[in-house]
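Contents: one structure, followed by commentary.
Computed from the coordinates by the stated procedures, all read-outs in this text should not be read as laboratory data. Please read all numbers here as calculations on a predicted model, not as lab measurements. Virtual Cβ from ideal backbone geometry, glycine too; neighbours counted across all protein chains shown.
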Amino acid sequence: MMDVARAAGVSQATVSYVINGRRDGVVAEETRKRVLEAATALNFRPNRAAQSLRLNQSFLVGIVARGIVIGPFGGAILNGIQKVVHAAGQLCMVVDAMDDWAEGDEAVDSFLAQGVSAIIYASGAPLTIHTSPRLSETRGLFVNCWPADRASAEAVILADEYGGGRAAAAAAFAAGHTDVAFLGGDVNEYACIERHRGFLDAARAAGIDRDRLFQTNGDYKIASGYEATERAFKQGHPTALVCGNDRMALGAILALHALGLEVPRDVSVIGYDDQAELADQIRPRLTTVALPHFEMGERAGQLLFGSPQQDDTEITLPCRLIERDSLGAPPKAASF
């Protein structure tokens with residue numbers, strides 16, 4: 001630190017302020033940049049272990065995750081968290097509870113032993129999860145999940161699944177479709193329940209007769225979307241399919257092709273998730289709803305290092321409709 005101070009032409013106390021991330025006006029921005037440039041030139045890195053002991057402050061954030069480390073899109077949650085945590089000079093430690101959330105209890109014990117500044121639980125699918133009984137010993141935030149006792153969480157950050165489902169259905173109705181099928185996932189899952197609720201409310205707002213709507217469910221896999229489409233066409237002749245996710249939408253497109261139907265000429269298809277390397281790569285490119293995974297993780301990090309507001313305990317982030325090529329007007333005459 002003395003070497004950095006000499007190189008930057010400042011006092012050792014000034015270097016300490018800068019290295020420890022103080023941004024309260026003690027050090028001018030020009031001086032701060034000069035100190036950081038000198039530190040880089042001298043290959044200086046602070047000893048976080050020593051700082052932690054001296055300041056009685058951890059530089060670690062523990063993350064207990066499940067279904068996002070190897071998932072197709074949930075990993076964006078981790079990217080969002082890390083962006084903020086790393087910018088604050090801290091480090092994320094991630095443990096994946098692969099088979100059961102209870103596997104995270106041992107990780108929480110280890111995190112607490114290392115004096116983490118907070119623990120974040122993050123899930124690939126929104127649901128109630130098991131949490132360690134020791135979580136109360138530090139700050140606890142939840143991304144895309146929540147504890148059985150939601151009042152025990154400092155903050156719960158979710159996507160607006162209802163709003164996303166409503167936006168997807170409203171887009172179909174606005175395009176002129178009145179015979180629409182909802183191809184959902186597990187009927188007992190939070191996301192499916194909320195998206196279907198949004199679907200029905202969008203129909204009511206558009207003045208669509210509920211008897212003209214279809215519903216069938218699957219498990220969010222491509223084959224499930226294929227089979228759900230076959231079932232929908234045994235019930236009637238929908239001109240638009242609102243799918244539980246992009247993989248089911250892909251299955252739906254394959255099933256429609258097998259039936260001799262083209263998308264969107266004969267039937268329009270809307271997905272959900274805006275899954276990377278899928279939604280904008282298939283043909284026709286998929287109209288879908290984007291889940292704000294990165295933004296959810298980013299908000300969790302911001303809550304750790306910002307000033308919490310009273311309404312920060314329950315945060316719902318919007319899901320945005322992404323308009324592409326798979327949604328069009330209904331056919332003028334049925335081609336089924």
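The label point for THR40 and the one for PHE305, both projected 7 Å from the Cα toward the Cβ, are 1.7 nm apart. With both labels modelled 7 Å from their Cα along Cα-to-Cβ, the GLU314 to GLU230 distance reads 4.2 nm.
Taking the Cα centre of segment 101-207 as origin and assigning +1 to Lys and Arg Cβ atoms and -1 to Asp and Glu Cβ atoms, the resulting dipole is close to 420 debye. One chain, two ends: ILE70 and ASP99. Fully extended at 0.36 nm per residue, the span grows by 9.1 nm beyond their Cα-Cα distance. Loop-located trypsin sites (Lys or Arg not before Pro) in segment 212-283 (DSSP state other than H, G, I, E, B) with a sparse environment of at most 13 neighbouring Cβ atoms within 10 Å: ARG265. In the chain, what percentage of the DSSP-assigned beta bridges are antiparallel, given to the nearest 5? Within the chain, antiparallel bridges account for around 5 percent of the total.
Once the C-beta distance of ARG265 and LEU127 is scaled by a Förster radius of 51 Å, the resulting FRET efficiency is 0.85 to the nearest 0.05. From the square roots a ≥ b ≥ c of the eigenvalues of the alpha-carbon gyration tensor of segment 145-234, which class results: rounded (a/c under 1.5), prolate (a/b over b/c), or oblate? The shape class here is oblate. Of TRP101, TRP146, the sequence from fewest to most neighbouring Cβ atoms within 10 angstrom is TRP101, TRP146.
Placing pseudo-labels 7 Å out from each Cα toward the beta carbon at LEU254 and ASP149 gives an inter-label distance of 4.7 nm. Between ARG285 and ASP325, the built amide H atoms are under 5 Å apart, and every one of these is 5 or more places off in sequence or on another chain. For a test of the definition: using alpha carbon positions, the gyration tensor, and the 1.5 limit on a/c, classify segment 161-290 as rounded, prolate or oblate. Rounded shape, in that the Cα axes give a/c under 1.5.
Partners of LYS332 within straight-line reach, counting lysines whose Cα lies under 23 Å from its Cα and excluding those fewer than 8 residues away in the same chain: LYS234.
Shape of segment 52-150 from its Cα gyration tensor (a ≥ b ≥ c, root eigenvalues): rounded if a/c is under 1.5, otherwise prolate when a/b > b/c, or oblate? Oblate, because a/c is 1.5 or more while a/b does not exceed b/c. Among ASP325, ASP211, the ranking by other beta carbons within 10 Å of each residue's beta carbon, starting with the fewest, stands as ASP211, ASP325.
Going from the fewest other Cβ atoms within 10 Å to the most, the residues MET296, MET93 appear in the order MET93, MET296.
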